[in-house]
Structures are given as structure tokens and as C-alpha cells.
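Coordinate-derived values only; no laboratory data. Just so it is clear, the model here is predicted, and its values are computed rather than measured.
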Amino acid sequence: LGRTLVALRRLATRPGTALMALSLSLAIQASFVTLNAVIGNAIGIVQPLSVWFLAWPVAKLSGLLPISLGGLAIREATLAAMLAPFGVAPVLGVAASLIWQTVLIAGGLLSGLFWLFYRRGERRRSAPGPGMGGA
């Protein structure tokens with residue numbers, strides 16, 4: 001609680017930073033929703049973007065419930081349930097969520113591999129060469 005209060009006090013002294021962080025966060029989340037709408041459209045879920053801005057955040061929030069491994073299956077079921085009133089077959093809602101999860105995991109793995117090889121190259125460049133005073 002003390003750390004939270006200190007952080008809030010610091011944030012109050014820099015409202016521009018807080019506004020920038022909020023703006024970036026909203027922009028990133030909006031781009032995720034839009035990307036999911038594109039994925040959904042590609043597999044046959046033709047719904048207005050407003051439906052996605054309702055269904056997708058609720059599905060993502062449901063994944064925070066501590067009743068499954070990383071929210072898997074909860075997100076999918078929630079997205080299917082949220083899209084069902086709009087005439088979307090549940091199997092398509094589940095498929096859209098699983099495709100997004102695949103994109104997310106693949107992106108993380110590729111980024112991790114890039115970081116691993118980048119760090120390895122950094123160590124080689126910064127390591128002292130022969131005769132450079134290395135122990």
C-alpha cells in the first residue's frame with residue numbers, strides 16, 4: 001500500500017507522463033481489438049468493430065480469473081458466448097480466440113529467439129579478444 005501511494009504521488013507530479021502512458025495503453029489495446037476483428041473476419045465472423053470492442057475485452061478480462069491455466073479455455077468460451085447473441089457460431093468464436101492465442105505465443109517465441117541471438121552477438125562484440133588483457 002505504501003509503495004502504491006508513493007507511485008501515485010510521483011504520478012501526480014508528472015500528469016503528462018500519466019496521460020501519455022494511458023494514451024499508449026488505449027491505442028495498443030484498440031489495435032489488438034482491431035487485429036482480432038481482422039482475424040475474425042478472415043475466418044467468417046463478419047461483425048461490426050463495435051461488437052469486437054464489446055466482446056474481446058470482456059473475454060480477455062475473463063481470462064484473469066484464477067480458474068484455469070493462464071486463462072486458456074475461459075477466454076475462448078467467453079468470446080464464443082459474447083459473440084453468440086450476434087449470430088456467430090460458438091465454434092468460430094473459439095477458433096478466433098485460439099488463433100489470437102497462437103499469434104501471441106508465436107510472436108513471443110520469435111521475439112525471445114531474436115533477443116537470445118541478439119544478446120549472444122552483444123557478448124561476442126564486448127568480449128576481450130586474444131591479447132586484449134583477458135584473464
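Starting from the Cα gyration tensor of the chain, take the square roots of the eigenvalues, sort them a ≥ b ≥ c, and report rounded, prolate or oblate (rounded when a/c is under 1.5, otherwise prolate if a/b is larger than b/c, else oblate). Judged from the Cα gyration tensor, the chain comes out oblate (a/c at least 1.5, b/c at or above a/b). The long axis of helix 90-126 is offset from the longest Cα principal axis of the chain by roughly 10 degrees. The overall shape of segment 11-87, judged from the alpha-carbon gyration tensor, is oblate: a/c is not under 1.5, and a/b is no greater than b/c. Computed over the chain with a Gaussian network model linking Cα atoms closer than 10 Å, the most mobile of 11, 79, 65 is 11.
In the chain, the DSSP-assigned H stretches of four residues or longer account for a calculated mean residue ellipticity at 222 nm of -26000 deg cm²/dmol, using -39500 (n - 2.57) per stretch and the full residue count as denominator.
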